[in-house]
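The values are calculated or read from the model by the stated rules, or taken from the named source; none is laboratory data. Keep in mind that this is a model prediction, so the values were computed, not measured. Note that we place each Cβ from the backbone using ideal geometry, even for glycine, and neighbour counts take in every protein chain shown. Calculation scope for accessible area: heavy atoms of the full protein, side chains included, ligands and nucleic acids excluded. Shrake-Rupley method; radii C 1.70, N 1.55, O 1.52, S 1.80 Å.
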Amino acid sequence: MLHRGRVFAGAAVALGGALGLRGREKQVAGLEERPQDPPAHYQLVNAHVIFRHGARTPVFLLSGAENLEWPFCGGVNGPKGQSADSVPGLDGVSFKQLHVVGPDGGPRPHSFVDARQSSVLLPGGQCRMGQLTDLGAQQAASLGRDLRRRYVSLLDPAGSTVDARTTNVARCVATLSAVLGSLLPASKGAIVARTKRNADEDLTPNPSACPKAGQLMKAGRDRWRAAAGDTAEALVARLKELLNEEQARDMGIEQKNFVKYRDWVIAAEAHGVEKPWPLTELEVNTLDVLGALQVAQLLAWRLGEKEVECTRASLGKFIGEMVEEMSKAERKLYLVSAHDTTVLPLLVAFGVHDGLWPPFCANIAVELWENQELVDRAAEIGSAEAEEDRFLVRVVYNGEEKLRMTLGEFGELLQHKIPANWNGECGVGSKLLSRASGGSNF
């Protein structure tokens, strides 16, 4: 019989030591602690910044939680203009007008994710399921200010050097709008942002777009259930004490699915909603870390034999496009507004995932720097040698430098994780399993 107190206490050491646990999810991730830039003779050429949306309401229904009110969307529900004026009720937030287009520049596709989630009005009368809240908008605006300080050399007043991409989900579109409001406060007119149909999205592991991803996710889910360990078993027992039978079933607790329940707990904590479930600080931390481990196994096969294969089937297409855009060495700032299920698999692909769940507005910056001394001395030392070390890549996560290497080394790190024929590898049009159960990837 498991002694839960001892198991959870052990988890603080075992999980914290192995995964670098620093406490549960922060309410906001920014770039306040700027890492040391490369030497002065390096010039920033371009940067890709991939970020999670800001704080939101839960995305899963939970029976018995009808008494939890979510009156946190009064500001974001107000008018969104194209001026840089602050939004009433939201200090420091301005929403930049976006012109969201489909892949071919046509109208924005219908979002089935939004249709499903926005149909649920949460108690409190302001927020809908999965909606960016006022807090989330403030986090996004803060991120935009951080990015402006960091990447001002890549910006022009009109915003023509900004390339914007977002998933076709309202909270990501709104997060991008608030980021741009702080990033480009003086620009006029709408900023074009590209998106895709939900079914075609490749910014998050998506069985609808890549049937093979669904196959791998199902195998990853089974692997997680079989090897989750004593801490997971103890947490299951504890949650079954707290939740009634219907709630435990809806949340998938018996199957060691911690993601859904974690979503409610973290969203409630971020907004100061009093939870009806008396979880201790250690139990919430354990729930948070086990949820991150579960997603890392489900979506990325972290440290497993299928990790590379899973990356190719999930974010491999996007990674390939990013490396190609970097290699053009054009002065640009690429912004990608997406999800935790984008950020976490990318961290796994780069080999720098710390085992923690990406917090609201978590951001990965992939920067390309050019050695100006080598450019000036190319004729003297030989163009081949100069070209080899000409470009430096730096990966920064939430303000902390994680990788620094040449562009060639970065390409070698990722070359096996980029599919040459994504449609072929994914089995698009085949009869491969096209969906894995366990909740939406958005």
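A Cβ distance below 6 Å, combined with a sequence gap of six or more or placement on separate chains, defines the contacts here; from the stretch 303-321, residues that are in contact (Cβ under 8 Å) with a residue 12 or more places away in the chain and among the basic types (Lys, Arg) reach residues that are outside any helix (DSSP H, G or I) and open to solvent by less than 20 Å² (accessible area, probe 1.4 Å) in the pairs 312/419; 317/202. Inside the stretch 342-369, residues that are part of a loop (DSSP other than H, G, I, E, B), open to solvent by less than 10 Å² (accessible area, probe 1.4 Å) and of a type in the set (Phe, Trp, Tyr) make up a count of 1. Against the test of being over 17 Å from residue 304 (Cα atoms), basic (Lys, Arg) and either out of contact with any Gly (no Cβ under 7 Å at 6 or more places or on another chain) or open to solvent by 40 Å² or more (accessible area, probe 1.4 Å) (or both), the options 240, 218 yield a single qualifying residue, 240. Among the residues of the stretch 246-294, the ones that are within 22 Å of residue 124 (Cβ to Cβ), charged (D, E, K, R) and in contact with a helix residue (DSSP H, G or I) (Cβ under 6 Å, 6 or more places away or on another chain) come to 3 in all.
Check whether at least one residue in the stretch 43-58 is open to solvent by 20 Å² or more (accessible area, probe 1.4 Å), part of a loop (DSSP other than H, G, I, E, B) and within 24 Å of residue 141 (Cα to Cα), and report yes or no.
no
Can we say residue 130 is open to solvent by less than 50 Å² (accessible area, probe 1.4 Å), at positive phi and over 17 Å from the mean Cα position of the chain (by Cα)? No; evaluated as a whole, the condition is false for this residue.
Results for (1) under 21 Å from the mean Cα position of the chain (by Cα); (2) at pLDDT 85 or above; (3) closer than 30 Å to residue 353 by Cα, shown as yes or no for each residue.
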| position | (1), (2), (3) |
| --- | --- |
| 13 | no, no, yes |
| 26 | yes, no, yes |
| 30 | yes, no, yes |
| 33 | yes, no, yes |
| 56 | yes, yes, yes |
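If only residues of the stretch 389-418 that are more than 20 Å from the chain's Cα centre (by Cα) and crowded, with 20+ Cβ neighbours inside 10 Å are counted, the one that is modelled with the lowest pLDDT is 390. Only residues that are touching a helix residue (DSSP H, G or I) at 6+ places or on another chain (Cβ under 6 Å), within 25 Å of residue 117 (Cα to Cα) and open to solvent by 10 Å² or more (accessible area, probe 1.4 Å): list them for the stretch 170-197, please. Listed by number, the list holds a single entry, 170. If you check residue 136 against the conditions, is it among the small types (Gly, Ala, Ser), open to solvent by 40 Å² or more (accessible area, probe 1.4 Å) and more than 19 Å from residue 195 (Cα to Cα)? Criteria not met by residue 136. Contact map, the stretch 395-406: first residue in contact (Cβ under 8 Å) with a residue 40 or more places away in the chain and part of a loop (DSSP other than H, G, I, E, B), second residue open to solvent by 40 Å² or more (accessible area, probe 1.4 Å) and among the acidic types (Asp, Glu), Cβ cut-off under 7 Å, separation 6 or more or different chains; pairs are 399/32; 399/33.
Each row is one residue, and each column tells you yes or no for (1) part of a loop (DSSP other than H, G, I, E, B); (2) open to solvent by less than 40 Å² (accessible area, probe 1.4 Å); (3) within 30 Å of residue 365 (Cβ to Cβ).
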{"residue": "77", "(1), (2), (3)": "yes, no, no"}
{"residue": "94", "(1), (2), (3)": "yes, yes, yes"}
{"residue": "145", "(1), (2), (3)": "no, no, yes"}
{"residue": "148", "(1), (2), (3)": "no, no, yes"}
{"residue": "151", "(1), (2), (3)": "no, yes, yes"}
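Output the number of residues of the stretch 153-162 satisfying the condition of being open to solvent by 30 Å² or more (accessible area, probe 1.4 Å) and under 24 Å from residue 103 (Cα atoms). Adding up the residues that qualify gives 2. The single condition among (1) open to solvent by 60 Å² or more (accessible area, probe 1.4 Å); (2) over 27 Å from residue 59 (Cα atoms); (3) aromatic (Phe, Trp, Tyr) that residue 112 does not satisfy is (2).
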